[in-house]
Amino acid sequence: MISVITSLTFLLYWTSVLAGENVVTQNPSVAWHLKGETAEMKCSHNKGVAYSQMYWYRQRQGESMEHIVYTRTSSEPEFGSVDKNKFSTVKEIAANGSLTVKDVDTEDSAVYFCAVREHSVTELLHC
Ligand SMILES: *[C@@H]1O[C@H](CO)[C@@H](O)[C@H](O)[C@H]1NC(C)=O
């Protein structure tokens, strides 16, 4: 069985959206994985060292967006209501981070989003 993971660039930070700046990039943009494989997605930005918080979301087809995990350079990842064993993260520097989906299966088929946030900003996005 083949499952699909698709990731897209997502501009979450609202001032960036208003300014139309494409400063958050996500790689790969589309990835196909065989069942059982590990899928790593990388996200990077050039918004500066203050943007040290990174969020990962997924949206399965026909479903609403789900928060997967919140990562910071300074502390452990905080997972949402997802299976923690399914994911691992890397967040060593402000400029980038990665999300790995382990043991890919059909239910992992989704659009994955990454978002960055400045540490001093308290209000952001309601999904
Ligand atoms: C983040 O950037 C550093 C420096 O360019 C690089 O060595 C590292 O592999 C990158 N990590 C990710 C997860 O993209």
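Among the residues making up the range 31-45, those that are open to solvent by 80 Å² or more (accessible area, probe 1.4 Å) and either more than 12 Å from the ligand (Cβ to nearest atom) or polar (S, T, N, Q) (or both) are Trp32, Leu34, Lys35, Thr38. Residue by residue through the range 44-87, note down the ones that are among the basic types (Lys, Arg) and under 12 Å from Val116 (Cβ atoms). Lys47, Arg72 - these are the residues of the range 44-87 that are among the basic types (Lys, Arg) and under 12 Å from Val116 (Cβ atoms). Where strands (runs of 3 or more DSSP E) fall wholly inside the range 46-127, the ranges with 1 or more residues that are within 15 Å of the ligand (Cβ to nearest atom), under 22 Å from Thr25 (Cβ atoms) and open to solvent by less than 40 Å² (accessible area, probe 1.4 Å) are 53-59, 66-72, 87-90, 96-101, 110-117.
The values are calculated or read from the model by the stated rules, or taken from the named source; none is laboratory data. Just so it is clear, the structure is predicted and the values come from calculations on it, not from any experiment. Neighbour counts are summed over all protein chains in view; Cβ atoms, including those assigned to glycine, are modelled from backbone coordinates with ideal geometry. In case anyone asks, the SASA skips ligands and DNA or RNA and just uses the protein heavy atoms, side chains included. Shrake-Rupley method; radii C 1.70, N 1.55, O 1.52, S 1.80 Å.
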